[in-house]
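The values are calculated or read from the model by the stated rules, or taken from the named source; none is laboratory data. Predicted model, so just to flag it, every value in this text is computed and none were measured. Cβ sites come from the backbone with ideal geometry, for glycine too, and all protein chains shown count toward neighbours.
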Amino acid sequence: MANTDYLYDMTSQLIAADTVSHHTSAPALESLANHLQGFGFEVQLQRWAEGSKANLIAVAGPEEPDGLVVSGHVDIVPFETQPGWTREPLRLAVEGDRLYGRGTTDMKGFLGQCLDAARQLDLDRLRRPLVFLFTSDEEIGCLGGERAARELPGLLGAVPMPRLAWIGEPTSWQVFHAHKGIAGFDVEARGEGGHSSRPEQGVNAIAVAARALVALGELQEQLRDEGSSAEMTSLFPGAPYATLNFGTIEGGSASNMIAEACRFTVSYRPLPDRDPLEVYERARAALAALEPRDWGAPARRGELVVSPPFLAPGLLSARGTALESVLFDELGVAEAGGAPYCTDGGHLAGAGIDCLISGPGDLDQAHQPDESLDRAAFEAGPDRILRVVERVVGAGAGA
Ligand SMILES: [Zn+2]
């Protein structure tokens with residue numbers, strides 16, 4: 001097929017698939033698996049959620065050590081409730097020098113490029129394994145990446161675990177070797193309801209939650225004041241410390257009723273050189289030390305219940321790898337830095353794989369309405385992937 005036809009065709013099929021994280025991803029990955037199998041890859045789908053979700057693992061090359069993983073996620077963030085769209089989110093639109101559609105930047109553009117590169121690869125020339133790893137549920141806590149990292153040795157069979165991974169998240173072709181993790185927990189304040197005219201006979205859970213919010217806000221101040229290493233300061237100059245976010249809050253029934261319950265969610269982004277659960281433990285200790293009282297009922301106590309944490313770990317990969325020197329050379333980049341978001345790389349790093357993040361998508365376009373991608377960066381991708389694969393594991397474009 002001529003030049004960019006396959007690239008546009010594949011990417012437009014990917015954009016058309018509704019792979020919003022809370023929907024299904026399996027059909028899109030089955031289609032990618034069929035293509036990769038046709039190109040000569042050994043493919044496996046790792047399924048969960050009654051088969052509606054999947055990761056795709058496609059392997060080619062000899063059973064040698066030091067292979068390369070090229071990875072991306074197929075799920076996208078929601079668009080139905082996002083204001084600002086002037087185009088059809090699930091239709092790839094080419095206008096001027098940009099491509100539009102949900103996922104063009106984050107990160108179906110890169111997946112389309114991977115497929116187009118795979119189509120052109122001469123697999124017989126691979127000297128070490130090449131693994132395409134396409135995941136689901138990245139946008140809701142890197143859940144697919146966690147599953148893939150845990151089971152990868154078994155899925156690869158006789159192929160030794162690769163030590164290097166390239167994740168094509170949107171970086172405008174900058175190279176990142178580090179990012180913070182993301183973790184979080186829920187807090188439920190429990191009180192005792194009643195008529196608002198008799199506050200001393202109840203415990204207002206919203207008041208208890210307010211004390212908890214203040215305690216967690218003070219923890220944020222401490223984390224900022226404690227400072228961090230020079231490395232973390234250079235990687236995350238805007239906030240070289242763990243940051244906290246209150247995501248949602250709900251509670252109470254009416255303005256003349258004592259609120260019986262109030263729940264809120266907290267997420268935080270731990271530095272990759274620290275124990276990622278340290279902030280959780282400190283938050284729990286701060287809430288346990290708090291008197292869960294309502295100002296209106298000083299003699300009575302409510303209760304604060306903290307959920308177990310979820311965690312997607314941060315990334316702090318080794319510098320100076322073979323993949324780094326090849327990417328620097330191909331991209332004309334001289335330095336690696338810290339990404340402003342979390343990726344599957346934290347889980348892959350936990351499985352002993354050094355990850356670099358670099359892709360064609362525009363950093364400021366991810367998760368935006370009318371998400372778009374620069375056409376030149378898009379069309380340059382397959383050749384770039386072919387050259388990097390050639391130089392790292394030894395296969396180039398076929399004849
Ligand atoms: Zn992404």
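The residues in segment 288-310 that are outside any loop (DSSP other than H, G, I, E, B) and in contact (Cβ under 8 Å) with a residue 40 or more places away in the chain can be counted, and the count is 5. Pairs are defined by a Cβ separation below 7 Å, a sequence spacing of at least 6 or placement on different chains, a first member in segment 347-364 that is over 17 Å from Val326 (Cβ atoms), and a second member that is assigned to a loop (DSSP other than H, G, I, E, B) and of a type in the set (S, T, N, Q); the pairs so defined are Ala349/Ser317; Asp362/Ser172; Leu363/Thr171; Leu363/Ser172.
Entry remark, segment 352-397: residues being under 14 Å from Asp97 (Cα atoms) and among the hydrophobic types (A, V, I, L, M, F, W, C) number 5 in total. Of everything in segment 24-77 that is assigned to a loop (DSSP other than H, G, I, E, B) and within 16 Å of the ligand (Cβ to nearest atom), the residue that is surrounded by the fewest Cβ atoms within 10 Å (Cβ to Cβ) is Val77.
In this structure, Ala366 does satisfy being surrounded by fewer than 22 Cβ atoms within 10 Å (Cβ to Cβ), among the small types (Gly, Ala, Ser) and within 15 Å of the ligand (Cβ to nearest atom). For segment 316-349, residues that are touching a Pro at 6+ places or on another chain (Cβ under 9 Å), within 16 Å of the ligand (Cβ to nearest atom) and more than 18 Å from Trp173 (Cα to Cα) total 2.
Do we find a residue being surrounded by fewer than 18 Cβ atoms within 10 Å (Cβ to Cβ) and out of contact with any strand residue (DSSP E or B) (no Cβ under 6 Å at 6 or more places or on another chain) anywhere in segment 113-123? Checked segment 113-123: at least one residue is surrounded by fewer than 18 Cβ atoms within 10 Å (Cβ to Cβ) and out of contact with any strand residue (DSSP E or B) (no Cβ under 6 Å at 6 or more places or on another chain). With respect to (1) in a helix (DSSP H, G or I); (2) assigned by TED's automatic domain parsing to the domain that holds Ala239; (3) under 21 Å from Ile76 (Cα atoms), the lone exception for Ser267 is condition (1). Taking segment 255-284 as the range and being without any contact (Cβ under 8 Å) to a residue 60 or more places away in the chain and over 20 Å from Gly181 (Cβ atoms) as the test, only Ser255 passes. A single member of Thr171, Thr86, Thr135, Thr104 is within 30 Å of Thr233 (Cβ to Cβ) and among the hydroxyl-bearing types (Ser, Thr, Tyr), and it is Thr171. Considering the conditions (1) outside any loop (DSSP other than H, G, I, E, B); (2) closer than 30 Å to Thr81 by Cβ; (3) not hydroxyl-bearing (Ser, Thr, Tyr), Gly359 is excluded by exactly one of them, (1).
The helices (runs of 4 or more DSSP H) found entirely in segment 135-254 that carry 2 or more residues being within 22 Å of Tyr280 (Cβ to Cβ), away from the ligand (no atom under 16 Å from the Cβ) and free of Cβ contacts under 8 Å to residues at least 40 places away in the same chain are 205-226. Scan segment 78-109 for residues that are within 11 Å of the ligand (Cβ to nearest atom) and among the polar types (S, T, N, Q) and the total you get is 1.
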